[in-house]
1. Condition test on R33, is it modelled with pLDDT under 95, among the basic types (K, R) and exposed (fewer than 14 other Cβ atoms within 10 Å of the Cβ)?
2. Being assigned to a helix (DSSP H, G or I) and closer than 12 Å to V16 by Cα is the filter here; which residues of region 46-100 pass it?
3. Any residue at all in region 68-77 that's of a type in the set (D, E, K, R) and surrounded by 16 or more Cβ atoms within 10 Å (Cβ to Cβ)?
Amino acid sequence: MATKTRTVRIKANHPVREAFSGCSTGNARGAGRTGYYSTKGHAVNAFDAELQTFDLCLDRDDLADFHGNEGRKTIAVHDEFGEEVGLAVFTWYRMPSGRYEFIGYLT
C-alpha cells in the first residue's frame, strides 16, 4: 500500500472556486437568485451542494456554530477520500427582513 506524502490542494484556477463563490448573495446564482437566504442552514447547504458537484464537501464535523446575526467562519473542505484540500471562508449578516446575506470563497 502506497503512503500518501502530500495533500493535493484546490488549484487557483479550478472551476470549483468560481462555482462556490457563485452561491454568494449578490451573484446571479446566489441564494437561488432570490437575493438572500431564508436561514443560515439553507446557505451552508447551497455552498456544500456546489462542492459536491466536484466530489468535495465541507467538513461534516464543523457545520454548526454559525452563531449570531453576523459573523465569520472557516471550515475545511475535504475530497472524496476525506483529505483536506482547502478552506471555505464564510461571512454572514442578517438583514432587517430576517433573511441572510452570505458570502463564501475558497482558500
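1. On the way: modelled with pLDDT under 95: yes; among the basic types (K, R): yes; exposed (fewer than 14 other Cβ atoms within 10 Å of the Cβ): yes.
Taking the combined requirement at face value, the residue satisfies it.
2. So in region 46-100, the residues assigned to a helix (DSSP H, G or I) come out as 46-52, 60-62.
Across region 46-100, the qualifying residues are F47, D48, A49, E50, L51, Q52.
3. Let us first name the residues in region 68-77 that are of a type in the set (D, E, K, R), namely 70, 72-73.
When the remaining residues are screened for being surrounded by 16 or more Cβ atoms within 10 Å (Cβ to Cβ), the result is 73.
Within region 68-77, one or more residues are of a type in the set (D, E, K, R) and surrounded by 16 or more Cβ atoms within 10 Å (Cβ to Cβ).
The values are calculated or read from the model by the stated rules, or taken from the named source; none is laboratory data. It should be emphasised that the depicted structure is a prediction, and the values quoted were computed from it without experimental measurement. Cβ coordinates were reconstructed from backbone atoms using ideal geometry, including for glycine residues, and neighbour counts include every protein chain displayed.
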